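Peer 1: Below are the structure tokens for one structure; questions will follow.
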Amino acid sequence: MRRILLSPAWLMFALPGYIGWRLLSAFDLSPWGMVASVAVLIAVCVIVPMSVRTRAIRDRALADRLAWVGLTAMGFFSSLFVMTVLRDILLLIVALVAGSRADAWTTPSAIATLLITALVTAIGMVIARQRPRIVKIDIPVANLPESLRGFSIAQISDVHVGPTIKRPFVESVVRRVNALRADMVAVTGDLVDGSVPQLAAHTAPLGGLTARHGTFFVTGNHEYYSGERAWTHELRRLGLRVLKNEHVVLQHNGSAIVLAGVTDVSAHHFDPAQQSDPAAALNGAPAGAGARILLAHQPSSAEAAANAGFDLQLSGHTHGGQFWPWNLFVHLFQPFTSGLHRLRNLWVYVSRGTGYWGPPNRFGVPSEITHIRLVPAAP
């Protein structure tokens, strides 16, 4: 019973049902109007689940169009659900204050709910489709050698190349990253939503990423949904260094930086040999390195990273909640949601993501390319 109640498919039917029950009753619809409105809700119940399962459709143009419609509807109805709940709360308060006079609010509030939701969805889509903003941040590292002051990292994360994010978006990201002239590029997982044959042409521009010390990649959970072994091979072919519970030593201005990467924390569910292990990623690393940096897709790796002795962890995964109001709830599932955080001696930076997953919506939570500089910590 618990699995049924928590099933996303059940929710996709229940939420439009609740919306229809609460909003349709506010309008004096004719029988045909009611039939048409119910038909729209039923279509949503069918299209939204299909939109996240388009990989099996051979006609990719049709699959992408279906994804656009379904995923946009998913974003609209998720926002409409929240707005409907807020409307019900508001009507309850008005009823307690104004009594029977509250009936006059029923239809206007329903109209306002629909209009506000449509506006929020449109604004969120515009923000999502814009090029990611550059977020610059200095991170103080204890005992950082002066020769490493200003060492820079361009981080991209959660691009989610797939049904609605294609080659032009990736090319734009590559141009913006290269313009930063960073010392290294970090790609912290969830790069793709689809197989190599479907998306190789769209991820190909990543081979053009340039940095003094190269580009490094760690797997996210979506790589395992999409065929991790094939994607690891493809990204290596493009020139990215894939780190799986291992490290490299970068020599920069005469000082060493240990750069490690771990598999996603869920990797062992797909391949027991890929159990994420920050401590193992440091095996054999020089003890006197000026900085120890970990690339880990999910912020939940932070506890193990702190115990292993890293100075900095770069992560993504959360999308910062992606769009309001879900950004208010993501902290229930991850220890850190976005921005810079401290866990004992470890700094954790969590990107809001460079692309988006599912609904093309970034209302209130814009995407980012992060430009990080290491600076010595104050005594």
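Peer 1: Right, residue 204: part of a loop (DSSP other than H, G, I, E, B) and either hydrophobic (A, V, I, L, M, F, W, C) or in contact with a Lys or Arg (Cβ under 8 Å, 6 or more places away or on another chain) (or both) or not?
Peer 2: no
Peer 1: Of all residues in the stretch 49-72, how many are at pLDDT 85 or above and open to solvent by less than 30 Å² (accessible area, probe 1.4 Å)?
Peer 2: The number of residues fulfilling the criteria is 1.
Peer 1: Moving on to the next point. Pairs needed: first member in the stretch 351-363, part of a loop (DSSP other than H, G, I, E, B); second member anywhere, among the charged types (D, E, K, R) and open to solvent by 10 Å² or more (accessible area, probe 1.4 Å); C-beta distance under 9 Å; at least 6 residues apart or different chains.
Peer 2: If the second residue must be among the charged types (D, E, K, R) and open to solvent by 10 Å² or more (accessible area, probe 1.4 Å), the pairs left are 357/193; 360/129; 362/129; 362/352.
Peer 1: Check 198, 251 and return the single one that is closer than 26 Å to residue 371 by Cα and either part of a helix (DSSP H, G or I) or open to solvent by 30 Å² or more (accessible area, probe 1.4 Å) (or both).
Peer 2: Residue meeting the stated conditions: 251.
Peer 1: Does residue 336 satisfy the condition of being farther than 14 Å from residue 138 by Cα, touching a strand residue (DSSP E or B) at 6+ places or on another chain (Cβ under 6 Å) and of a type outside the set (Asp, Glu)?
Peer 2: Answer is yes for this residue.
Peer 1: Do we have any residue at all in the stretch 106-119 that's part of a loop (DSSP other than H, G, I, E, B) and farther than 17 Å from residue 373 by Cβ?
Peer 2: no
Peer 1: Scan the stretch 364-379 residue by residue and report those that are assigned to a loop (DSSP other than H, G, I, E, B) and either more than 22 Å from residue 145 (Cα to Cα) or open to solvent by less than 10 Å² (accessible area, probe 1.4 Å) (or both).
Peer 2: 364, 365, 366, 367
Peer 1: May I pose another question? Please work out which one of (1) touching a Lys or Arg at 6+ places or on another chain (Cβ under 9 Å); (2) aromatic (Phe, Trp, Tyr); (3) surrounded by fewer than 23 Cβ atoms within 10 Å (Cβ to Cβ) is the condition residue 224 fails and give its number.
Peer 2: Unmet for residue 224, out of (1) touching a Lys or Arg at 6+ places or on another chain (Cβ under 9 Å); (2) aromatic (Phe, Trp, Tyr); (3) surrounded by fewer than 23 Cβ atoms within 10 Å (Cβ to Cβ): (1).
Peer 1: Filter the stretch 166-190 for residues that are over 30 Å from residue 253 (Cβ atoms) and either open to solvent by 30 Å² or more (accessible area, probe 1.4 Å) or not in a helix (DSSP H, G or I) (or both) and give the result.
Peer 2: 166, 167, 168, 171, 190 - these are the residues of the stretch 166-190 that are over 30 Å from residue 253 (Cβ atoms) and either open to solvent by 30 Å² or more (accessible area, probe 1.4 Å) or not in a helix (DSSP H, G or I) (or both).
The values are calculated or read from the model by the stated rules, or taken from the named source; none is laboratory data. Here the structure is a predicted model, which means the values were calculated and not measured. Positions of Cβ are generated from backbone atoms using ideal geometry, with glycine treated the same way; all protein chains shown enter the neighbour counts. Just the protein is used for accessible areas: all its heavy atoms, side chains included, with ligands, DNA and RNA removed. Shrake-Rupley method; radii C 1.70, N 1.55, O 1.52, S 1.80 Å.
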